[in-house]
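Here's the structure, in structure tokens; my notes come after.
The values are calculated or read from the model by the stated rules, or taken from the named source; none is laboratory data. Keep in mind it's a predicted model, so treat the numbers as computed, not measured. FYI the Cβ positions are ideal-geometry reconstructions off the backbone, even for glycines, and counts take in every protein chain you see. All accessible areas refer to the heavy atoms of the entire protein, side chains included, with ligands and DNA or RNA removed. Shrake-Rupley method; radii C 1.70, N 1.55, O 1.52, S 1.80 Å.
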Amino acid sequence: MEKNYTTLRGRLDKLRARGMDIPKDKEKERGVIKRYNYYNLINGYKDPFLTDSNNYPAYANPNEDYYLSGTTPSHLEALYIFDENLRKIFLERLLKIEERLKDVIVQSFYEHHSDMGKKKKIAEILHRESEYLRQIYYDLSKVETYVVSEKSGHRYTVIGSKPKHDDTIMRRAPKPFLINKDEIYHSLVAILYKQIVQQRKKNKSISSYLEKHTYLPMWILSNIMTFGNVSKLFEILTLDVQLMVLKKLGLNGGSLPNNLKVLNASRIIHILGLFRNSCAHNERFYCSHVYTPIDDEYMEYIYKFPQASQVNRLKSGTKYLNRQQSQKLDRYRHSIYTVMFCISLFLKQGELTKFKNDVKRELQSLKSTLPSTPYKKVERLMGLDFDWDAYLIK
């Protein structure tokens, strides 16, 4: 159904009819509706403040939203500001991770290929994009992966041949995902050459460098690459270079084989790239979902959840994880908490402590402003309705 423009008075009347508390003699609450884009504020942040349809009063329209008793525009504004502050906290860390990642990838690429090419004097030309973007430096294979979810709650990935669907142990059939590195390579190279042309027109330092040297080294090209492009670049690097990147970043822990360590690191970089863009574009953030799976055994991921001991006890068995605990674990895995885990892998102890404290400060501020029910809904949507601070540790 088309949405027609409504006046401020019409918006206020509509919200009052839906149960929102907006006294006509209080300019503060009416001022909130004046101050913000109605769609961004109301439709973007209403969810924690809505009552269940089973609790609607008799006069309420069953086809429309209805707000919890006592909800005011200021409450939605508080959540809006909380989300804005949260994006800033995450973006600060994500930008530093992006810079570090670019630097380590370039270092590892040159260290490996310069050393390997000493006899052929590759090092003398490897700084030219016409050389370092050639196919010979990348892995262009197709990789078949299958994500296995057990009844126990244990999750892992198989690379190569499809694992047999054992319904005595597995919750569902293994989920396939094909990584076509040849397609990724050709798509990425086309994007990078396009970016070089664009930057030559609008970036004076780039155009000056190209005019003087006629080429663009990878360490300069990386500065104009997006996080998403860096993610793709990591994915197509040869295994030796990828492992060098993981070692420099400290992401090579655990007992998984090297190819699975690289796969999971690639997934984490992909997640961080998506959320870096979400922060930069001021998208609603606090209730975002993570759809990319991370293996439980990579960097002790499973131990970041309260259900870890139960999952490990039932692992590879025929018994289901308690339904309530299974639902919570799935929700935590798909929530902003998993993004926090991904960020924590790149932080030193003091940096992680500050990161957590910054998030806790904003949560405490929101808690002091919102009624209990919507605040608890916010915590739940964020996957932070447990003692997360004690679990998110180095």
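Quick notes
- Cα-based convex hull volume of region 309-394 per residue, rounded to whole Å³: 103 Å³
- Value of relative contact order over region 235-394, rounded to a whole percent, pairs C-alpha under 8 Å and six or more apart: 27 percent
- Per residue, in Å², the accessible surface of region 42-144 once ligands and nucleic acids are set aside, probe 1.4 Å: 52 Å²
- Lysine pairs within region 90-185, Cα separation less than 29 Å, 8 or more sequence positions apart or different chains: 23
- Taking a ≥ b ≥ c as the square roots of the eigenvalues of the Cα gyration tensor, region 269-358 is classed as prolate, since a/c reaches at least 1.5 and a/b is larger than b/c.
- Calculated FRET efficiency, Ser309 to His334, Cβ-Cβ distance, R0 = 30 Å: about 0.90 to the nearest 0.05.
- Principal-axis tilt of helix 181-202 within the chain, Cα atoms, nearest 10 degrees: 80 degrees
- A simple spin-label model places the labels of Asn203 and Asp240 3.0 nm from each other, with each point 7 Å out along Cα-to-Cβ.
- Trypsin sites (Lys or Arg not before Pro) within region 88-118: DSSP coil, no more than 11 neighbouring Cβ in 10 Å: Lys118
- Paramagnetic reach from Asn54 (point 7 Å along Cα→Cβ, amide N under 17 Å) across region 365-384: none
- Cα long-axis angle, helix 239-249 against the chain (0 to 90 degrees, to the nearest 10): 60 degrees
- Solvent exposure of region 159-203, expressed per residue, is 69 Å² of accessible area, with all protein chains present and a 1.4 angstrom probe.
- Centre-to-centre, using Cα atoms only, region 359-394 and region 33-52 are separated by 20 Å.
- The Cα center of region 209-268 and the Cα center of region 271-319 differ in position by 22 Å.
- Cα gyration tensor shape of region 70-208, rounded if a/c is under 1.5, else prolate or oblate by comparing a/b with b/c: oblate
- Helix 8-17 and the longest principal axis of the C-alpha atoms of the chain enclose an angle of approximately 70°.
- Computed helical MRE - 222 nm, the chain, DSSP H runs ≥ 4 contributing -39500 (n - 2.57), nearest 500: -16500 deg cm²/dmol
- Contact order relative to length of region 189-308, as percent, for alpha carbon pairs under 8 angstrom and 6 or more apart: 21 percent
- Taking only protein heavy atoms and a 1.4 Å probe, the accessible area of the chain is 49% carbon and sulfur.
- Cα gyration tensor shape of the chain, rounded if a/c is under 1.5, else prolate or oblate by comparing a/b with b/c: oblate
- Percentage relative contact order, the chain, counting C-alpha pairs under 8 Å, at least six apart: 19 percent
- Estimated vicinal HN-Hα couplings, Hz - region 381-394 in sequence order (Karplus 6.51, -1.76, 1.60; Gly, Pro = x): 5, 7, x, 10, 8, 7, 7, 5, 4, 6, 8, 8, 10, 7
- Within the chain, the longest run free of exposed loop sites, counting chymotrypsin sites (Phe, Trp or Tyr not before Pro) that sit outside DSSP helix and strand states (H, G, I, E, B) and have at most 13 other Cβ atoms within 10 Å, spans 60-290.
- Placing one equal scatterer on every Cα of region 1-66 and applying the Debye formula, the log10 ratio I(q)/I(0) at q = 0.25 Å⁻¹ is -1.32.
- Per residue, the solvent-accessible area of region 306-361 (1.4 Å probe, heavy atoms of protein chains only, all protein chains present) comes to 48 Å².
- Solvent exposure, largest accessible area first (probe 1.4 Å, DNA, RNA and ligands not counted), of Lys354, Lys175: Lys175, Lys354
- For region 156-208, the C-alpha radius of gyration sits at 2.13 times the compact-globule guess of 2.2 N^0.38 Å, with N the residue count.
- Among Pro371, Ile179, Leu321 the positive-end extreme of the charge dipole of the chain (Cβ point charges): Pro371
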